[in-house]
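**Q** Before anything else, here's the structure in question.
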Amino acid sequence: MSKMDILKAPFLIEMVRTVTNMYNHGWDERNGGNVSLMLDGHEVEKYLEVEKVLRVIPTGFSEPSLDGKYFLVTGTGKYFKNVQYAPDVNLGIVRLKEDGSNAELLWGFTDGGQFTSEFPAHMMSHAQRLKVDPENRVVMHCHPANLLAMTFVHDLDERAFTRTLWQMCTECIVVFPDGVNVLPWMLCGTNEIGKATAEKMKTARLCIWAMHGVYGAGKDLDEAFGLVETAEKAAEIYMKIAHLPRINNMTDDNFHQLEKRFGVKAREGYLN
Ligand code: 13P
Ligand code: ZN
């Protein structure tokens, strides 16, 4: 059966639009940031001969729960600003094999490139999020300026950091009632930061990497994008007001009212 044009696949179009939008938001300077989207194998088969493996790329880690899973992922060293003009160079579709220790390249990275250096953090986070939310499909990493700035001047305690963000916009607690987790500075692109990030993904869909950026996870690209967007907006407001005398504040009573109105439950122990 002849295959459909992958450049017209809804998942590919959505990925290109999302990374372009991330670039336009200023979250992804140069090659900063990376995104991975888990794909349905049957969906991929509409576009690709899935038996035709172009290359096998060792991953350097093991993640047995993802064996056989397909991912559309951004390439290492690739600029988000260029993805829309050359998706086949800057993106790739891989299938994990041998307990996740190898990735079979099925499409993309046509210049001989490979998936992001943050592949361990992405795959380990997917595995972890799927355990708590079987609908999770996306892991997104980027460098939004205000969240990053905040890690220089705010206590990195997760409860304190979360509460400050919640206090900055009324709807924050509705969008991320699970709050944000925070990792101290760690060397990026390693299995160690991958494991630490995945551990943080047990309890929240957002994980800040101090002095580096943020990870977001969600059931689709819109949800992950919206999470980062909302947290970054809150951080922007914080950075605008942090040095000014505070006259008005959101209260815990306000938060409790929001919980009731929107049917959400703030993270255990985070409200007074
Ligand atoms: P990659 O170019 O390998 O995706 O790395 C960018 C980045 O943001 C590292 O944390
Ligand atoms: Zn980064």
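Read-outs: derived from the displayed coordinates by stated rules, not from any lab. Computed from a predicted structure; not experimentally measured. Every residue, glycine as well, gets a Cβ built from its backbone with ideal geometry; the counts of neighbours run over all protein chains shown.
**Q** Which of Val56, Val16, Val139 comes first, and how do the rest follow, when ranked by fewest Cβ neighbours within 10 Å?
**A** Val56, Val16, Val139
**Q** Moving to a separate point now. If the viscosity is 1.002 mPa s and the temperature 20 °C, what translational diffusion coefficient in µm²/s does Stokes-Einstein give for the stretch 44-197 when Rh comes from Kirkwood over Cα pairs?
**A** Answer from the Stokes-Einstein relation: 124 µm²/s.
**Q** Here's a follow-up. Could you state the angle between the C-alpha long axis of helix 158-168 and the longest principal axis of the C-alpha atoms of the chain, as a value from 0 to 90 degrees rounded to the nearest 10?
**A** 80
**Q** Projecting each Cα onto the charge dipole of the stretch 1-122 (Lys/Arg +1, Asp/Glu -1 at the beta carbon, about the Cα centre), which of Gly100, Thr18, Met38 comes out farthest on the positive side?
**A** Going by the Cα projections, it comes out as Thr18.
**Q** Provide Rg over Rh for the stretch 143-272; use the alpha carbon set for both Rg and the Kirkwood Rh (inverse mean inverse pair distance).
**A** Dividing the radius of gyration by the Kirkwood radius yields 0.95.
**Q** Could I ask something else about it? Compute the long axis of helix 10-24 from its Cα atoms, compare it with the longest principal axis of the Cα atoms of the chain, and write down the angle in degrees, 0 to 90, nearest 10.
**A** Helix 10-24 sits at roughly 50 degrees to that axis.
**Q** Enter the angle in degrees (range 0 to 90, nearest 10) between the Cα long axis of helix 191-200 and the first principal axis of the Cα atoms of the chain, meaning the one along which they spread out most.
**A** That works out to roughly 50 degrees.
**Q** Which translational diffusion coefficient, to the nearest whole µm²/s, is obtained for the stretch 89-136 from the Stokes-Einstein equation, given a Kirkwood hydrodynamic radius over C-alpha pairs, 4 °C and 1.567 mPa s?
**A** Diffusion coefficient, whole number: 110 µm²/s.
**Q** Restricting things to Cα coordinates, could you compute the convex hull volume per residue of the stretch 1-82 in Å³?
**A** Here the figure is 122 Å³ per residue.
**Q** Determine how many Å³ per residue the convex hull of the Cα atoms of the stretch 222-268 encloses.
**A** Per-residue hull volume (Cα only) is 106 Å³.
**Q** So, one more: Arranged by the count of other C-beta atoms within 10 angstrom, fewest first, what order do Ser2, Ser65 take?
**A** Ser2, Ser65
**Q** First obtain the Kirkwood hydrodynamic radius of the chain from its Cα pairs, then insert it into the Stokes-Einstein equation at 20 °C and 1.002 mPa s, and state the resulting D in µm² per second as a whole number.
**A** 112
**Q** Let me ask something additional. Which order do the peptides 83-91, 192-200 take when ranked by the mean count of other beta-carbon atoms within 10 Å per residue, highest first?
**A** Ranked from most to least packed, the peptides come out as 192-200, 83-91.
**Q** Using the 10 angstrom Cβ neighbour count as an exposure proxy, how do Val264, Val19 rank, fewest first?
**A** Ranked by crowding around the Cβ, least crowded first: Val264, Val19.
**Q** Right, another one. Taking the stretch 45-127 on its own, what percent of its Cα-Cα pair distances exceed 21 Å?
**A** Counting pairs separated by more than 21 Å, the tail of P(r) holds 24 percent.
**Q** I'd like the antiparallel share, as a percent to the nearest 5, of DSSP beta bridges with both residues in the stretch 171-251.
**A** Once the DSSP bridges in the stretch 171-251 are tallied, antiparallel ones form about 50 percent.
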